[in-house]
Amino acid sequence: MSRRSRVRIDGTVAVVTGAGRGIGAATALALAARGATVVCADVDGEAAEKVAAECREHGGVGEAAAVDVADRTAVFALADRVEREVGPTGILVNNAGVGMSGRFTDMSLDDWTWIRAINLDGVVNGCAGFGPRMLERSVGHVVNLSSGLGYTPTATEPAYVTTKAAVLALSQCLRADWARSGVGVTAICPGVINTPIVDHTRYLGQADPKRRARVAKAFRRGHRPELVAGAIVGAIERDRAVVTVGAEATLGWYLHRLAPLGLQQALARVGSRPAGRRSPSRPGPGR
């Protein structure tokens, strides 16, 4: 039998990766507002410190750490340092991620390595560094950021879709395994969110400037990061397995579960050309 994770946010040490901006920053502030001691981790140490200071300004407790989630040694060292200097971690939010838009034939193996190392291996590193300690204490909650594209195939974002689908699958596997030890695991699947990820997406192949501008405009009109942060807090409090954020992500979830495969493939081909022809690429929903 599984044992429901019961994590009190108030008084708990929470580590948030990618906390320097966007969803990570909003989540760090939301957790601090509820009484958590938040360790804001980001590859940009200055950005992490700024968010940690905001946590303190709003009456919470914030610490900052510069760490590249793709560096397993650095993530494990962070886990050790938090345990030693801050306290036992009870909440982990694996949020750090990057975007990539381009067809499979536009990608090099180095491109694959880059996005996988951050979007997937970064989550694995976080779970491996912090998870065993939670299991030993029989309490904790891990939140992994997947995406609405984690279950929505598209011809023009195979790398991003693949990494986010893997995060979703990993989260469900860990949840099935760790629930008996009192540790909850949630996969969060956002839709189009107004965050800086669209400005830092790696575009491959021919990228039509006009199309990129339209996509950037669409993201600026997307959901606020605070909507995702609220979903993360609710998922921790209610020990939810999978949470979609935004109508487009929710619609995609039900299409994935209920629509015929032929329809899903037809939708995946929208906006693409036959293989062998290069086409403008577009980023998908994400952080």
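HIS141 meets each of the listed conditions (1) part of a strand (DSSP E or B); (2) open to solvent by 10 Å² or more (accessible area, probe 1.4 Å) apart from (2). For the stretch 157-175, the criterion of being closer than 25 Å to ASP42 by Cα, open to solvent by 50 Å² or more (accessible area, probe 1.4 Å) and β-branched (Val, Ile, Thr) is met by at least one residue. Only residues that are of a type in the set (Val, Ile, Thr) and either in contact (Cβ under 8 Å) with a residue 60 or more places away in the chain or within 14 Å of ARG202 (Cβ to Cβ) (or both) were counted across the stretch 105-126, and they come to 4.
Specify the residue that is modelled with the lowest pLDDT; the eligible residues are those in the stretch 187-245 that are open to solvent by 60 Å² or more (accessible area, probe 1.4 Å), among the charged types (D, E, K, R) and assigned to a loop (DSSP other than H, G, I, E, B). Top of the filtered list is ARG221. Taken over the stretch 150-186, residues that are under 18 Å from ILE232 (Cα atoms), in contact with a strand residue (DSSP E or B) (Cβ under 6 Å, 6 or more places away or on another chain), part of a helix (DSSP H, G or I) and of a type outside the set (Gly, Ala, Ser) amount to 4. Screening SER138, SER181 for residues that are hydroxyl-bearing (Ser, Thr, Tyr) and in contact with a Leu (Cβ under 6 Å, 6 or more places away or on another chain) leaves exactly one candidate, SER181.
When residues in the stretch 246-272 are screened for being over 19 Å from the mean Cα position of the chain (by Cα), surrounded by 13 or more Cβ atoms within 10 Å (Cβ to Cβ) and small (Gly, Ala, Ser), 4 of them pass. Screening GLY122 with (1) assigned to a helix (DSSP H, G or I); (2) surrounded by fewer than 20 Cβ atoms within 10 Å (Cβ to Cβ); (3) modelled with pLDDT of 95 or more gives one miss only, at (2). I'd like to verify a number: residues in the stretch 8-25 that are of a type in the set (Gly, Ala, Ser), over 11 Å from GLY90 (Cα atoms) and open to solvent by less than 10 Å² (accessible area, probe 1.4 Å), how many? Count: 2. State whether one or more residues within the stretch 63-70 are more than 17 Å from GLY126 (Cα to Cα) and either in a helix (DSSP H, G or I) or open to solvent by 10 Å² or more (accessible area, probe 1.4 Å) (or both). The answer is yes, given that some residue of the stretch 63-70 is more than 17 Å from GLY126 (Cα to Cα) and either in a helix (DSSP H, G or I) or open to solvent by 10 Å² or more (accessible area, probe 1.4 Å) (or both). Please specify each residue of the stretch 26-43 satisfying the condition of being touching a residue at least 40 places away in the same chain (Cβ under 8 Å), open to solvent by 20 Å² or more (accessible area, probe 1.4 Å) and not in a helix (DSSP H, G or I). ARG34, THR37, VAL43 - these are the residues of the stretch 26-43 that are touching a residue at least 40 places away in the same chain (Cβ under 8 Å), open to solvent by 20 Å² or more (accessible area, probe 1.4 Å) and not in a helix (DSSP H, G or I).
Table: residues versus (1) aliphatic (A, V, I, L, M); (2) without any contact (Cβ under 8 Å) to a residue 24 or more places away in the chain; (3) under 16 Å from THR244 (Cβ atoms).
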residue: HIS141; (1), (2), (3): no, no, no
residue: SER147; (1), (2), (3): no, no, yes
residue: THR152; (1), (2), (3): no, no, yes
residue: ALA166; (1), (2), (3): yes, no, no
residue: LEU174; (1), (2), (3): yes, no, no
residue: VAL183; (1), (2), (3): yes, no, no
residue: ALA187; (1), (2), (3): yes, no, yes
residue: GLY191; (1), (2), (3): no, no, yes
residue: THR195; (1), (2), (3): no, no, no
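A single member of GLU85, GLU46, GLU57 is open to solvent by 70 Å² or more (accessible area, probe 1.4 Å), at pLDDT 95 or above and over 22 Å from GLY131 (Cα atoms), and it is GLU46.
The values are calculated or read from the model by the stated rules, or taken from the named source; none is laboratory data. Predicted model only: the values in this text are computed from it and were never measured. Virtual Cβ from ideal backbone geometry, glycine too; neighbours counted across all protein chains shown. The accessibility values were calculated without ligands, DNA or RNA, using every heavy atom of the protein model including side chains. Shrake-Rupley method; radii C 1.70, N 1.55, O 1.52, S 1.80 Å.
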